[in-house]
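Take a look at the structure set out below.
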Amino acid sequence: MKPELPFDFIVDKEKNTLIIRREFKANRQLVWDCYTQSDLLNQWFAPKPFTTRTKSMDFREGGHWHYAMVDPKGMAYWGYTSYVRIKPIEYYSTWDVFSNEAGEVNRELPRGEWLVRFMDKGSNTLVESVITYPSLSDLETVINMGMEQGMTATLEKLDELLQTLI
């Protein structure tokens with residue numbers, strides 16, 4: 001049985017923020033690549049049994065990632081990430097929204113501002129995602145949509161992928 005890697009899911013209702021910390025048994029460059037390259041993101045960025053399909057990606061400041069999480073019946077749930085700031089293998093910040101296949105924002109669902117940091121922890125990598133929502137209602141919506149369970153399952157898929165890439 002593999003040892004459990006640290007995972008924190010912290011809800012800060014005063015700041016409308018989620019803090020997700022997860023350690024991976026891989027070097028920082030490899031973990032960074034898995035977060036920033038569409039061919040790798042497609043292999044892990046959705047909880048089982050969903051898969052991910054990238055429609056377009058331009059990983060640069062001012063760029064975007066337009067993708068769908070697809071359920072086993074073929075139903076696609078679209079998202080659109082706008083990259084704001086990038087400091088390679090250290091951090092990036094984004095605006096993340098729910099969208100449709102054309103990339104049009106779904107204004108009925110919350111929009112999150114993400115700061116994703118990558119840090120060495122011995123020979124492992126610690127990834128910390130701080131996600132801030134405009135309101136407590138938006139934060140509670142994503143929690144009620146299953147964000148903690150979804151992120152747990154998604155990051156387990158990344159663990160599995162990393163073991164095949166090392």
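Please sort 38-44, 5-11 by packing, taking for each peptide the average over its residues of neighbouring beta carbons within 10 angstrom, highest first.
Working: 38-44: 17.3, 5-11: 12.7.
Highest mean packing first, the order is 38-44, 5-11.
Springs between alpha-carbon pairs under 10 angstrom, Gaussian network model over the chain: which of 100, 16, 144 fluctuates most?
In the Gaussian network model the winner is 144.
What is the distance, in nm, between label points placed 7 Å from the Cα along the Cα-to-Cβ direction at residue 54 and at residue 102?
With each label point 7 Å from Cα toward Cβ, the separation is 2.5 nm.
Using the per-residue mean of other Cβ atoms lying within 10 Å as a proxy for protection, in what order, highest first, do the peptides 152-159, 67-74 fall? Walk me through the numbers on the way to the answer.
Working: 152-159: 17.4, 67-74: 14.0.
Ranked by mean Cβ neighbours within 10 Å, highest first: 152-159, 67-74.
Give the total of Lys-Lys pairs in the chain with Cα-Cα distances below 16 Å; include a pair only if its members are 8 or more places apart or on different chains. Walk me through the intermediate numbers first.
Working: 2/25; 2/157; 25/121; 25/157; 48/73; 48/157.
Eligible lysine pairs with Cα atoms under 16 Å apart amount to 6.
Let me make sure I get this right: for the chain, a, b and c are the square roots of the gyration tensor eigenvalues over alpha carbons, sorted descending. Under 1.5 in a/c it's rounded, otherwise prolate if a/b > b/c, else oblate. Which is it?
Details: a/c = 1.36, a/b = 1.22, b/c = 1.12.
Note, shape of the chain comes out rounded.
Where the centre of each part is set by its Cα atoms, how far does the range 47-99 sit from the range 103-161, in angstrom?
About 11 Å separates the Cα centre of the range 47-99 from the one of the range 103-161.
List every residue whose amide H lies under 5 Å from the amide H of residue 63, counting only residues 5 or more places away in sequence or on a different chain, with H placed 1.01 Å from N in the peptide plane.
Sorted by chain and number, the residues that satisfy this are 83.
In the range 41-136, how does Rg compare with the Kirkwood Rh, expressed as the Rg/Rh ratio over alpha carbon atoms?
On the way: Rg = 14.3 Å, Rh = 14.4 Å.
Radius of gyration over Kirkwood radius for the range 41-136 works out to 0.99.
Using the crude model of +1 on Lys and Arg Cβ and -1 on Asp and Glu Cβ, and no other charge, please compute the dipole size for the chain relative to its Cα centre, in debye to 20.
Details: 19 positive and 24 negative charges, 50 e Å.
My answer is approximately 240 debye.
Bear in mind these aren't lab numbers, they're just calculated from the coordinates by the rules spelled out. Because the structure is a prediction, the values reported are computed rather than measured. Heads up, the Cβs are rebuilt from the backbone with ideal geometry, glycines too, and the neighbour counts pull from every protein chain shown.
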